[in-house]
Amino acid sequence: MIKQPRHRHDGFTLLELLVAISVLAIVSMIAWRGLGSLVTARERLDPERDEVRALLSTFGQLERDLAQVVTPSLFGLDSPPVAVRLASDGQVLQIVRIAPRDEAGVTAVQTVYWRVADGELLRQVTPPARDFAPVDAERLTNARLLSDVKIMRVRLWTDGGWVEPPANSAAPAAPPAAGTPPVAGAIEGPRVPPGVEVTVVRNNGTQLRRVLLVG
């Protein structure tokens, strides 16, 4: 008697399909939650990344300004090229520096003012010039570098210690002309301070402090 071969039915049973669908649903749920956490972390870190970039750019520019300070004896200055003034809106850091060279390669100077105005750290620059003639405030180039700033405190290193202008000193709100004597409390004479301490206080109480070399 010849036995007939049994026919095999290829495919999945209903139970196997249900198990596969359940596993796929669990994996999809885990992946969706992981993607949601990744998006949330990115949204939280993006402002911090922009803040860090702004801080590095700000203090990097200040470091470059101080590195290009002019030598008083070479330019006939009767006041220090780095001085702290007091305006109606707080301290102003004044830096007389060598301007970036133009296409002709002519050496020029410019004065930079670092101050806080309207809750922002402001950098004001005079046009490059061959002399120290007074410059109107309208001709200054303004760059707003940091926001949410309450005050800026500056101290200069001299005679073995940090010197800060007295709080009761006052000066006009507009930037003073380059080459004019600083207020009381700043370094007198054409001496260049070897170091500058800058502390930026934010509205939330955070303090950012940097000590920078001059020249």
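Name the one entry in Val96, Val92, Val106 that is touching a residue at least 12 places away in the same chain (Cβ under 8 Å) and in a loop (DSSP other than H, G, I, E, B).
On the way: Val96 fails: in a loop (DSSP other than H, G, I, E, B); Val92 fails: in a loop (DSSP other than H, G, I, E, B).
Every option except Val106 fails the conditions.
Here is a yes/no grid of residues against (1) in contact with a Gly (Cβ under 9 Å, 6 or more places away or on another chain); (2) among the aliphatic types (A, V, I, L, M); (3) at negative phi; (4) crowded, with 18+ Cβ neighbours inside 10 Å:
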site: Ile95; (1), (2), (3), (4): no, yes, yes, yes
site: Pro100; (1), (2), (3), (4): no, no, yes, no
site: Thr111; (1), (2), (3), (4): yes, no, yes, yes
site: Asp118; (1), (2), (3), (4): no, no, no, no
site: Val125; (1), (2), (3), (4): no, yes, yes, yes
site: Arg130; (1), (2), (3), (4): no, no, yes, no
site: Thr141; (1), (2), (3), (4): no, no, yes, no
site: Leu146; (1), (2), (3), (4): no, yes, yes, yes
site: Trp157; (1), (2), (3), (4): yes, no, yes, no
### Query
Can you tell me which residue in the stretch 128-148 is nearest to the chain's Cα centre (by Cα), limited to those that are of a type in the set (Gly, Ala, Ser) and modelled with pLDDT under 85?
Ala137
### Query
What residue, among those in the stretch 62-85 that are assigned to a helix (DSSP H, G or I) and open to solvent by 40 Å² or more (accessible area, probe 1.4 Å), is nearest to Glu197 (Cα to Cα)?
Glu63
### Task
Inspect all residues belonging to the stretch 124-139 and state whether any of them is under 20 Å from Gly195 (Cβ atoms) and of a type in the set (Phe, Trp, Tyr).
no
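The values are calculated or read from the model by the stated rules, or taken from the named source; none is laboratory data. Keep in mind that this is a model prediction, so the values were computed, not measured. Glycine gets a Cβ as well: all are built from the backbone with ideal geometry, and neighbour counts include every protein chain shown. Protein only, heavy atoms only, side chains kept; ligands, DNA and RNA dropped before computing areas. Shrake-Rupley method; radii C 1.70, N 1.55, O 1.52, S 1.80 Å.
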